[in-house]
Each structure stands twice: as C-alpha cells, then as structure tokens.
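Data first, discussion second: the structure below is written as structure tokens.
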Ligand SMILES: O=C(O)CCC(=O)C(=O)O
C-alpha cells in the first residue's frame with residue numbers, strides 16, 4: 001500500500017486522479033458481493049444499461065435525508081480511505097478532510113454486464129468534488145472526455161483508466177469539475193497499452209493486459225461521495241418543498 005496518495009497519483013492525467021490496486025482483499029470482495037447480492041430486491045433500480053442500488057437513499061433536490069450508511073459499506077472501505085494521507089507532509093489530511101462531513105455519506109452501487117456501460121457525464125454540484133470508486137468482479141476501462149468551450153464533450157475520450165477488481169480509483173479537482181467520464185458499452189476493452197492506459201504503471205496485474213485485450217465479466221462498482229446538503233428528519237417537509 002502506498003504511504004500517501006501522492007504515490008498513487010496518475011501522473012499523465014489532469015489533476016487529480018489516484019489509483020490503488022488491491023485496495024481490498026479477495027475475502028473482503030466476496031463479503032461485499034454477497035451483501036450486494038442478498039440486499040432486498042426493491043433496492044435494485046433496473047436501468048436500460050445497468051442496474052443500481054443507492055445507499056442510504058436517493059437524493060431529493062440534491063439533498064440527502066440523513067441516515068447512516070450500513071456497517072458493511074463503512075468497514076473496511078471508508079475507514080481505510082480516511083487512513084490514507086493526501087501527502088506525507090500533512091499526514092492528518094485525507095481526501096475528505098475539506099468536505100462538509102469529513103467522510104463520504106452516500107454510495108451508489110452500479111452493476112454492469114459485459115456490453116453495458118454508462119453515458120459520459122459529470123457528477124455535478126450535489127457532491128463534494130471527490131469520487132472514490134471501488135471495483136469488484138471484473139476489469140473495465142473508464143473513459144475520460146474533455147469538454148469544448150460550449151460545454152459539449154469531445155467525440156473521443158482523451159484517456160482510459162483501467163479499473164481492476166478490488167482497486168480504488170479517486171477522481172477530484174479539475175478532473176471532477178471540468179472533464180466527463182463514461183464506460184463504453186462493449187464486451188472487451190481493446191488496444192490496451194502503456195500509451196493508451198493512463199494508469200498502466202499502477203496496475204496490479206499488468207501481465208494480464210500485455211496482450212492488449214481485457215474481456216469483461218460482471219463488474220460491480222461502489223461509488224463513494226459526500227453529499228453536501230443533508231436534511232435531518234425534522235426538516236423532511238422542507239426538503240419536499242412543503243412548509
Ligand atoms: O461504475 C463506475 O465506475 C462509474 C459510475 C459513475 O460514473 C457514476 O456513478 O457517476
């Protein structure tokens with residue numbers, strides 16, 4: 001494990017992205033996959049191109065109704081995340097030090113079959129601008145797109161970040177605010193090399209990708225963020241626009 005996030009920085013990307021292979025163990029991955037699989041069925045939202053669980057709940061008008069995350073989403077991921085110093089100069093500062101709640105309070109769980117993906121998008125202003133994604137089950141590539149002056153995106157991605165099972169990817173700063181990310185709807189990621197994959201030197205299983213191809217299987221991601229506006233139960237009516 002790196003001594004600080006600086007050792008995990010993806011240097012070829014605009015500031016800032018960090019990649020840590022083997023952030024969780026295979027045993028921890030199994031426990032998480034089992035919790036996700038055994039969650040009550042109504043937890044799943046079925047979308048055309050993936051399915052999704054939202055913990056603790058969906059946002060309403062960019063606001064989260066206060067509720068703690070279940071322990072299995074806190075341990076080990078959040079605890080480990082907050083233990084990583086941003087740099088060794090200030091060992092007490094972690095990636096959520098400057099966020100409203102000092103820790104993520106919201107998790108999206110996305111599940112992608114081979115051939116499924118997510119349209120390029122930005123994550124928007126509801127969240128503190130840091131996203132921590134833990135991948136389970138399969139490798140796939142996240143595409144990063146630059147935007148034009150008018151806010152539209154460039155046709156082709158500028159960079160690819162390969163996300164291996166059990167890895168952690170953090171995107172923050174300009175990469176969060178100024179660039180879009182998406183996952184192509186393909187069954188295999190092609191043309192993988194040091195020239196095309198931004199985090200090539202940080203990969204845990206580099207030998208698996210030297211042929212340039214990675215077949216996808218079922219991939220689940222846990223996306224941790226801090227929602228800025230949180231409403232306590234007493235303010236529930238205000239949140240829904242009533243007095
Ligand atoms: O599954 C992923 O890695 C990406 C998810 C994503 O882009 C999002 O939740 O906004």
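The values are calculated or read from the model by the stated rules, or taken from the named source; none is laboratory data. Just so it is clear, the model here is predicted, and its values are computed rather than measured. In this analysis, Cβ positions are derived from the backbone assuming ideal geometry, glycine residues included, and neighbour counts consider all displayed protein chains.
Key figures
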read-out	value
Residue within the range 171-181 that is more than 13 Å from the ligand (Cβ to nearest atom), closer than 22 Å to residue 4 by Cα and in a loop (DSSP other than H, G, I, E, B) present	no
Single condition residue 25 does not satisfy, out of (1) within 22 Å of residue 144 (Cα to Cα); (2) surrounded by fewer than 16 Cβ atoms within 10 Å (Cβ to Cβ); (3) within 18 Å of the chain's Cα centre (by Cα)	(1)
Filtered residues of the range 161-204 (kept if out of contact with any strand residue (DSSP E or B) (no Cβ under 8 Å at 6 or more places or on another chain) and closer than 25 Å to residue 82 by Cα)	173, 174, 177, 201, 204
Test set (1) at pLDDT 95 or above; (2) within 16 Å of the ligand (Cβ to nearest atom); (3) more than 21 Å from residue 25 (Cβ to Cβ) - residue 158 fails condition number	(2)
Pairs, first closer than 18 Å to residue 57 by Cα and touching a residue at least 24 places away in the same chain (Cβ under 8 Å) in the range 104-125, second near the ligand (Cβ under 10 Å from one of its atoms) and not in a strand (DSSP E or B), C-beta under 9 Å, six or more apart	110/50; 111/50
Every residue from the range 78-110 that is crowded, with 19+ Cβ neighbours inside 10 Å and assigned to a strand (DSSP E or B)	106, 107, 109, 110
Matching residues in the range 1-13 - criterion: being part of a loop (DSSP other than H, G, I, E, B), at pLDDT 95 or above and surrounded by fewer than 20 Cβ atoms within 10 Å (Cβ to Cβ)	11, 12
Among (1) surrounded by fewer than 14 Cβ atoms within 10 Å (Cβ to Cβ); (2) away from the ligand (no atom under 16 Å from the Cβ); (3) closer than 22 Å to residue 226 by Cα - the single one residue 41 does not satisfy	(3)
Matching residues in the range 139-149 - criterion: being closer than 27 Å to residue 76 by Cα and away from the ligand (no atom under 11 Å from the Cβ)	139
Per-region count, the range 189-213, residues at pLDDT 95 or above, part of a loop (DSSP other than H, G, I, E, B) and more than 19 Å from residue 11 (Cβ to Cβ)	6
Per-region count, the range 119-136, residues buried (at least 18 other Cβ atoms within 10 Å of the Cβ) and farther than 24 Å from residue 229 by Cβ	4
Yes/no for residue 225 being within 14 Å of the ligand (Cβ to nearest atom), within 22 Å of residue 58 (Cα to Cα) and in contact (Cβ under 8 Å) with a residue 40 or more places away in the chain	yes
